[in-house]
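Below: the structure, in structure tokens.
Bear in mind that the values in this text are calculations on the coordinates, not laboratory data. The structure displayed is predicted, hence computed values, not measured ones. Virtual Cβ from ideal backbone geometry, glycine too; neighbours counted across all protein chains shown.
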Amino acid sequence: MPVTLRDVAERAGVSRSAVSRTFTEGASVSAKTRRKVEKAAAELGYAPSALAAALSTGRTKLIGLISNNFHNPVFLEVFDRFTRGLQERGLRPLLVNLSDETDPANSVRMLRQYSVDGVIVASSTLPPSFARAFRDAGLPVVHAFGRRSAAPEVHVVGVDNVECGRLAARALIARGYRRVAFLGGPVDATSTRDRCAGFMDEIGRTDGLTSTKSYADAYSFEAGRREMQRLLATSDPADAYFCGDDVLSIGALSALREAGYSVPEDVGVIGFNDMEMAGWGNIDLTTIRQPIPEIIDAAIELAAASIDVPDIPPKACLFDCTLVERTTLRPKPDR
């Protein structure tokens, strides 16, 4: 039979209410009683019921963690950090896989059924309106990797993807590439549009450069590979490509090398994210680093704060991206 609160009370020689207060955050209990209860609980192997605690406090400590791109290996890192970070704060993640779903109605309904205390939308492709639907349903929400806004309607933590696109363009310009191209993820993704806009704007400010753009149908290895194969079947490659995601870049590298092109001697490639795989020796991808650990830590802190104080005005926490030099771009020329 499972150990009950009554068993602990009898072993400790205290009332059941004293045991309940010991395991209720913020409840008043003397140090002596706490020691007796904790000792008895350890001896009996007792753990307080999360469900019972939720019924008494009105808090489930559940956080809905929503994403829609489980084909991208970077999200293994994202979910690992999110789940560990939430659990370290005594919160429990409830993972929601949207797959190809873009209507938030089903997710809102499900998370309300589970009485989550808050929601984190972890996606760079979903529009601001998706996260806003949870706010409208009365749920504290943070959009991690969300779109930059001067006047956010929900809490947003991420990077300025337009500026990151400019940073990639400047890296290619500094290395003397003249025919450059953007190979992005899904054309309707906010991250794709913003990275492309910044890249093309910066390229357009430099005389003598030509640029093209194309889009893969997903942020995945196979999508990047297919799109590069399509491009190579219709024309010679550009001098260098900014792929709007590391996993797209790795797919593009595979297609280029299979077609007989050497990287970086014939074609340069720069990615985005700096996921762990990008630094593997057989890939060694030059990329734009998105500070994923910092974004996740800030999103968790903001989610926890929003649960405690639901009326915190929406804020945007933006982090800078940086260039990570590896070997898929040629070196900058000596001056």
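Of note:
- Residues whose amide H comes within less than 5 Å of that of Phe319, counting only those at least five positions distant or on another chain, are Gly158, Val159, Asp160 (H built at 1.01 Å from N in the peptide plane).
- Counting only lysines at least 8 places from Lys61 when in the same chain, those with an alpha carbon closer than 26 Å to its own are Lys39, Lys315.
- Mean projected area of the Cα convex hull of the chain, taken over all directions, amounts to 21.7 nm².
- Positive-end residue, the stretch 161-290 charge dipole about Cα centroid, Cβ charges, pick of Thr206, Val187, Ala171: Thr206
- Estimated translational D of the stretch 179-238 in µm²/s (Stokes, Kirkwood radius over Cα pairs; 4 °C; 1.567 mPa s): 107
- Beta bridges per DSSP with both ends in the chain, % antiparallel, nearest 5: 10
- Phi angles of the stretch 173-185 translate, via the Karplus equation with coefficients 6.51, -1.76, 1.60 and θ = phi - 60°, into HN-Hα couplings of 4, 5, 9, x, 5, 10, 10, 10, 8, 9, 10, x, x Hz per residue; Gly and Pro are given as x.
- For the chain, Cys with no neighbouring Cys Cβ under 4.7 Å: Cys196, Cys243, Cys317
- For the chain, averaging the sequence separation of C-alpha pairs within contact (under 8 Å, six or more residues apart) and dividing by the residue count gives a relative contact order of 15 percent.
- Per residue, the average separation of C-alpha pairs within less than 8 Å and at least 6 apart gives the stretch 147-238 a relative contact order of 29 percent.
- Taking every alpha-carbon pair under 8 Å whose residues sit at least 6 apart, the stretch 161-290 reaches a relative contact order of 24 percent.
- Acute angle (nearest 10 degrees) that the helix 221-234 long axis makes with the longest principal axis of the chain, alpha-carbon atoms: 10
- Choice from Ser107, Ser306, Ser15 showing the highest fluctuation, given a GNM over the chain with Cα pairs closer than 10 Å: Ser15
- Most positive-pole-ward Cα, Leu98, Thr22, Gln113, against dipole of the chain from beta carbon charges: Thr22
- Given charges at beta-carbon only (K, R positive; D, E negative), |dipole| of the chain in Debye: 1160
- Here the Gaussian network model covers the chain, with springs between Cα atoms less than 10 Å apart; of Arg92, Arg11, Arg195, Arg11 fluctuates the most.
- Between the stretch 152-224 and the stretch 81-111, the alpha-carbon center distance in angstrom: 29
- Mean projection area, nm², convex hull over Cα of the stretch 161-290: 7.0
- Using a Gaussian network model of the chain in which every pair of alpha carbons under 10 angstrom is joined by a spring, one finds that among Gly146, Gly244, Gly268 the greatest mean-square fluctuation is at Gly268.
- Residues whose placed amide H lies under 5 Å from that of Gly184, excluding near-sequence neighbours: Ser214, Tyr215, Ala216, Gly244
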